[in-house]
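Visitor: I have a structure I would like to understand better, so I am pasting it below and will then ask my questions one at a time.
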Amino acid sequence: MPEALPMPSGWFAIGLSSDFACGEAKPARWFDQDLVVFRAQDGTLAALDAYCPHLGAHLGYGGTVSDGAVTCPFHGWRWAADGSCRSVPYGNRVAPKMRIRSVPVAEQDGVVLLWRGPGAPTWQMPRFDEHRWTAPVVMRRTIRSHPQEILENTADLAHFRFVHLTHMMEPTTEVRAKGNVFELSVESAPEAVEPAVRLEDEVLVAGAVFCHGPGMAGATIAAKEVPIHALQRLYATPIGNGEINLLGVVNIRIDDECDEPTAASLMDVLSSAVIENWDRDIVIWEKKRHLRQPALNPKERVIWTFRRWYARYYDNELPAPSNEALAQVAPA
């Protein structure tokens with residue numbers, strides 16, 4: 001369990017687009033706040049603070065949606081997507097100054113994102129390419145951890161050998177930490193560990209690991225002997241009280257090298273392996289403690305680079321890790 005990491009700001013996933021039907025209002029709890037999320041008949045999604053400012057009813061329990069607004073189940077007051085009062089069905093007047101806080105919503109790549117932070121969004125999540133992909137295989141978990149812990153795995157290349165039982169991974173490029181994207185190209189490096197812990201497995205992989213903002217870690221990894229390109233995304237979203245929601249999404253790209261029937265036959269095997277590996281990570285995440293000054297091995301400097309990059313998502317920026325702990329570990 002991490003100690004005293006604050007809640008980051010930015011875009012976070014709250015589900016798949018298919019989770020939110022037209023004309024439906026759903027209760028939700030994210031960022032230690034009660035919300036109502038609803039989709040209008042024209043497909044537009046909106047999120048508001050959950051409680052009607054009239055007399056406090058929760059709009060997500062019994063609220064109905066029509067004409068782009070959610071109707072309170074208690075007295076029928078109607079609230080638009082921007083939080084304004086659309087109508088009051090008695091008393092012959094609307095309350096023009098009465099509003100509910102609205103939360104910015106975005107939909108892309110099949111996922112619904114909510115903005116957490118002061119003011120309007122200041123950046124947008126990168127989009128993935130326009131290749132055809134298989135239908136996603138999805139994993140959902142609720143765990144006790146913090147988004148930074150989940151995303152830090154992209155920088156922790158040594159854990160692949162010991163948690164996921166694959167070859168050691170090593171970078172093939174410098175870290176690209178520009179704006180809201182953290183990215184690193186990697187490949188299998190069997191000889192990067194001592195002979196006693198090397199694997200006999202001959203399967204070698206290459207690709208990239210990346211983070212988009214404070215709440216999404218991903219990878220595009222392909223086995224060198226198999227003509228497939230897999231995309232895996234793991235979204236980590238704060239719920240509150242030390243809990244986060246994990247939404248894992250796995251797709252295979254369909255192209256000339258991997259047609260639809262081939263992709264379908266590989267999808268079950270690949271997605272099962274990815275989800276099994278995420279579950280291995282969860283065992284660690286739920287029981288580990290966050291150390292602000294970890295005793296890093298010199299080969300693990302990418303973790304320090306990641307933490308400096310991630311610090312931008314805290315409203316009151318945490319001090320960046322120093323080199324003191326790193327210097328205490330002699331080079332291998």
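The values are calculated or read from the model by the stated rules, or taken from the named source; none is laboratory data. None of these values were measured; they are calculated from a predicted model. Glycine also receives a Cβ, built like all others from the backbone with ideal geometry; neighbour counts cover every protein chain displayed.
Visitor: Restricting attention to the stretch 231-245, does a residue exist that is modelled with pLDDT under 95, among the aliphatic types (A, V, I, L, M), crowded, with 19+ Cβ neighbours inside 10 Å and assigned to a helix (DSSP H, G or I)?
Guide: Checked the stretch 231-245: no residue is modelled with pLDDT under 95, among the aliphatic types (A, V, I, L, M), crowded, with 19+ Cβ neighbours inside 10 Å and assigned to a helix (DSSP H, G or I).
Visitor: Going through the stretch 40-52 one residue at a time, which ones are surrounded by fewer than 21 Cβ atoms within 10 Å (Cβ to Cβ) and either within 17 Å of the chain's Cα centre (by Cα) or in a loop (DSSP other than H, G, I, E, B) (or both)?
Guide: Result: A40, Q41, D42, G43, T44.
Visitor: If you go through the stretch 231-282 one residue at a time, how many are within 21 Å of V163 (Cβ to Cβ), of a type in the set (K, R) and in contact with a His (Cβ under 7 Å, 6 or more places away or on another chain)?
Guide: Result for the stretch 231-282: 1.
The rows are residues; the columns are (1) among the small types (G, A, S); (2) within 23 Å of G248 (Cα to Cα); (3) not in a strand (DSSP E or B).
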| position | (1), (2), (3) |
| --- | --- |
| P27 | no, yes, no |
| F38 | no, yes, no |
| L55 | no, no, yes |
| P73 | no, no, yes |
| R86 | no, no, no |
| P96 | no, no, yes |
| V112 | no, yes, no |
| T122 | no, no, yes |
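Visitor: Also, I was wondering about something else. Hey, does the stretch 270-277 have a residue that's in a helix (DSSP H, G or I), under 18 Å from the mean Cα position of the chain (by Cα), under 14 Å from N153 (Cα atoms) and at pLDDT 95 or above?
Guide: Within the stretch 270-277, not a single residue is in a helix (DSSP H, G or I), under 18 Å from the mean Cα position of the chain (by Cα), under 14 Å from N153 (Cα atoms) and at pLDDT 95 or above.
Visitor: If I filter the stretch 116-153 down to residues being over 17 Å from E276 (Cα atoms) and among the hydroxyl-bearing types (S, T, Y), which single residue comes out as modelled with the lowest pLDDT?
Guide: Once the filter is applied, the top-ranked residue is T134.
Visitor: When the stretch 142-159 is examined, which residues are found to be part of a strand (DSSP E or B) and crowded, with 18+ Cβ neighbours inside 10 Å?
Guide: The answer is I143, and nothing else.
Visitor: Out of H58, H75, report the one residue that is of a type outside the set (F, W, Y) and within 23 Å of N245 (Cβ to Cβ). Walk me through how you get there before you give the answer.
Guide: Values: H75 fails: within 23 Å of N245 (Cβ to Cβ).
Every option except H58 fails the conditions.
Visitor: Based on what the data block shows, is W11 buried (at least 19 other Cβ atoms within 10 Å of the Cβ), aromatic (F, W, Y) and out of contact with any strand residue (DSSP E or B) (no Cβ under 6 Å at 6 or more places or on another chain)?
Guide: In short, no.
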